[in-house]
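Worksheet: the structure to be examined is printed underneath.
Please treat every number below as a calculation from the coordinates, not as lab data. All figures in this text were calculated on a predicted structure; none of them were measured in a lab. All Cβ positions, glycine included, derive from the backbone under ideal geometry; neighbour counts span all protein chains shown.
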Amino acid sequence: MKVYIVGEDDVTCAIIKRILLYCSEGFEIISELPARGGQIKSKINEFNKLAAVYPVILLTDLDATSCAPQLLHHLTPKDKHNQFIFNIAVDEGEAWLMADRYGFAEFAGVDIESIPRARPTRQGGRKALIEMCFAYKPSRFLTHELIKKSKKPDIIKQLTPKEGASKGPEYNTDLLPFIQKKWDIDEASKNSDSLTRMVNRIRSLITSYETALPKP
Amino acid sequence: MIIKKIKLHNWKNFQNCEVDLSERCFIIGANAAGKSNFIDALRFLRDISKQAGGLQSAVEGRGGITKIRCLAARTQTNVSITVELGDPNEAHLLWKYHLDIQHTGGGIMKSQVKILKEQVFSFKENQYVCDRDDRQTDEDEETLKYTHLEQANANRKFRELQVFFQNIEYLNLIPQLVRESSSLLQSYSKEDYYGRNFLEKLAKINERTRNSYFKKINEFLKIAVPQLEELRFIKDEMGVPHIEARYMHWRARGSKQQEAQFSDGTLRLIGFLFALIDNNGVILLEEPEINLHSGIITQLPEFIAKIQRSKKGARQIIITTHSYDMLANQGISSNEVILLQNTSEGTTVNRVSDIDDIRPIIEAGLSIADAVIPFTKPKNIEKMSQLSLDF
């Protein structure tokens with residue numbers, strides 16, 4: 001199935017790609033949009049239009065907004081196309097990665113108890129959802145707190161931000177291989193309902209596509 | 001008159017390609033996709049047509065036919081170029097030129113090329129004004145070494161075409177070479193704005209014209225490089241041409257600087273402005289974004305459009321680029337952007353408006369840059385920084 005993917009940065013794009021591969025091997029990514037990340041929220045309507053041609057799979061971070069349903073309501077167009085698969089990572093793609101607590105602890109060289117556990121949180125909806133809980137932005141927790149406890153000297157050097165930088169000098173270099181090869185989505189889904197929902201959305205996209213195909 | 005269509009067969013990366021060109025064209029593609037080779041086909045026509053040029057020297061200057069012929073070429077070993085010319089806003093064409101060449105010689109014989117076919121079709125007269133092939137009885141091994149395009153006697157009926165090709169300019173100003181005075185002797189081709197010969201070229205322009213060009217360029221520089229003032233052309237006591245400007249600083253009058261002290265960006269900008277203002281033919285611009293600030297780059301597409309509108313007679317500008325900032329300009333049409341993509345059978349060449357996977361992205365309202373740049377990016381580029389650097 002041909003799809004366009006839209007991610008905020010290299011990490012979110014890698015997450016989308018890995019989830020697609022996890023759900024099916026039949027996806028063909030036409031293009032990663034836009035050419036430069038970081039502007040995806042201002043181009044939602046364009047992506048929605050594009051979804052009329054091929055499915056568009058978007059993943060954005062919750063960022064400053066504290067409530068996913070609110071952000072979803074605010075961002076999704078009224079006439080959202082059903083091939084426009086809009087996903088919000090609570091609170092960030094990095095939280096989904098750390099949601100695979102065993103895998104991430106091993107990768108980062110830290111004790112598993114250094115990574116917070118998931119717990120039910122209320123996002124404004126009626127039902128409490130299971131999500132990873134961090135005192136502040138997950139990526140900041142990762143680079144400013146977690147990594148200090150690492151026993152791997154290389155990882156510390158690569159992920160610790162230099163003064164005035166927000167991320168380590170080799171942040172993507174380290175995280176992308178983890179996402180591509182080690183990240184356990186089954187395990188992570190247990191700790192993140194927003195991730196489970198994205199997987200479910202992709203699966204139902206596949207089902208709707210298969211049922212729409214003419215029967216042989 | 002502009003080049004409206006180009007067809008290449010076995011030319012460098014291009015086994016077979018055919019694409020429509022517009023008055024302003026942006027050629028994009030990954031590194032080594034063949035952007036420079038694509039525009040080199042036009043320089044090749046220029047090299048054949050120019051004074052002291054000719055087919056054999058154009059081939060030799062490129063290292064012989066083996067360096068020109070496509071690596072994907074299999075049973076067909078000929079190389080051919082076809083261009084169609086016409087006015088930009090008219091549907092009908094004016095000229096069609098076709099050249100088909102093949103390697104000859106080798107062993108103890110000198111390696112050269114011979115013409116298999118050379119054709120010029122005049123749409124005005126609705127007939128071929130030149131139609132040669134290697135099987136005609138009045139052709140022999142010697143006559144087939146020379147195109148009619150390069151011979152004043154033979155091209156009487158299509159002189160306009162020769163002049164058109166002669167006026168194709170290639171701009172790839174390399175600041176290091178402009179500064180290096182010894183490069184004056186080494187410049188590969190005197191016709192190009194390449195190194196030191198840029199200054200030679202300035203020296204040849206009539207003084208009044210040159211002064212009026214400099215006046216214009218000073219206006220641009222005032223905005224883009226505000227600390228440079230009074231840019232002018234001078235010759236030193238040895239007669240060597242220089243450009244000189246006043247670099248303003250804490251002294252009231254600033255101090256004089258010559259090209260050797262100019263920044264890379266300033267030199268490129270000056271060369272670039274000159275080529276745009278001076279030339280009357282097709283201009284080939286090689287990655288104008290190099291050394292220039294992104295703020296200047298974002299202005300280039302509109303600046304080029306303005307120049308095209310203000311000059312009499314149509315002038316075509318063909319630009320190779322990797323620049324997001326340039327392509328983000330919303331005035332660029334998908335007809336104006338040509339995407340080169342590598343395949344095992346050579347590079348494919350398509351207008352973005354003809355590519356099914358990209359057209360919907362643009363129609364949905366995303367900029368050309370957002371739509372096409374992902375297609376020029378190598379698939380696994382993120383792996384680059386994951387490579388081990390242990391030796």
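Quick rundown of the values:
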read-out	value
Those lysines that a straight Cα-Cα span of less than 24 Å connects to B:LYS110, excepting residues fewer than 8 apart in one chain	B:LYS12, B:LYS50, B:LYS67, B:LYS145
B:ASP20 paired with B:ASP354, simple spin-label distance in nm, labels 7 Å along Cα-to-beta-carbon	0.9
Between segment B:1-78 and segment A:166-190, the alpha-carbon center distance in angstrom	45
Extension gain, A:MET1 back to A:SER24 (0.36 nm per residue minus Cα-Cα distance, nm)	7.3 nm
Sorted by Cβ neighbour density within 10 Å, fewest at the top, the residues A:THR76, B:THR137	B:THR137, A:THR76
Pairwise label distance in nanometres, B:LYS377 with B:HIS293, each label 7 Å out on the Cα-Cβ vector	2.7
Footprinting exposure proxy for B:MET1, B:MET326, B:MET384, B:MET248 (fewest neighbouring C-beta atoms within 10 Å first)	B:MET384, B:MET248, B:MET1, B:MET326
Cα-based helix-to-principal-axis angle, A:193-212 vs chain A, degrees rounded to 10	30
Whole-Å semi-axes of the ellipsoid equivalent to chain A (Cα gyration tensor, √5λ, descending)	30, 18, 18
Set of segment A:124-143 residues, backbone N closer than 18 Å to the point 7 Å along the Cα-Cβ line of A:CYS67	A:124-131
Contact order normalised by residue count of chain B, Cα under 8 Å, 6+ apart, percent	19
Difference of contour (0.36 nm per residue) and Cα-Cα distance, B:ALA152 to B:ALA32	39.5 nm
Calculated FRET value between B:ALA203 and A:LYS157, using beta carbons and R₀ = 41 Å, to 0.05	0.15
Ascending count of other beta-carbon atoms within 10 Å, so fewest first, for A:TYR136, B:TYR213	A:TYR136, B:TYR213
Relative contact order computed over chain A (Cα-Cα under 8 Å; 6+ residues apart), in percent	20
Cα long-axis angle, helix B:207-224 against chain B (0 to 90 degrees, to the nearest 10)	60
P(r), alpha carbons of the protein assembly as shown - 10 Å bins starting at zero, rounded %	3, 14, 20, 20, 17, 14, 9, 3, 1, 0
Stretchable slack from B:GLU302 to B:THR77, in nm (0.36 nm times residue separation minus alpha-carbon distance)	76.8 nm
Inter-site label distance for B:LYS215 and B:GLN257 at 7 Å from Cα along Cβ, in nm	2.6
Computed over segment A:1-111: relative contact order in percent, which uses C-alpha pairs under 8 Å that are six or more apart	27
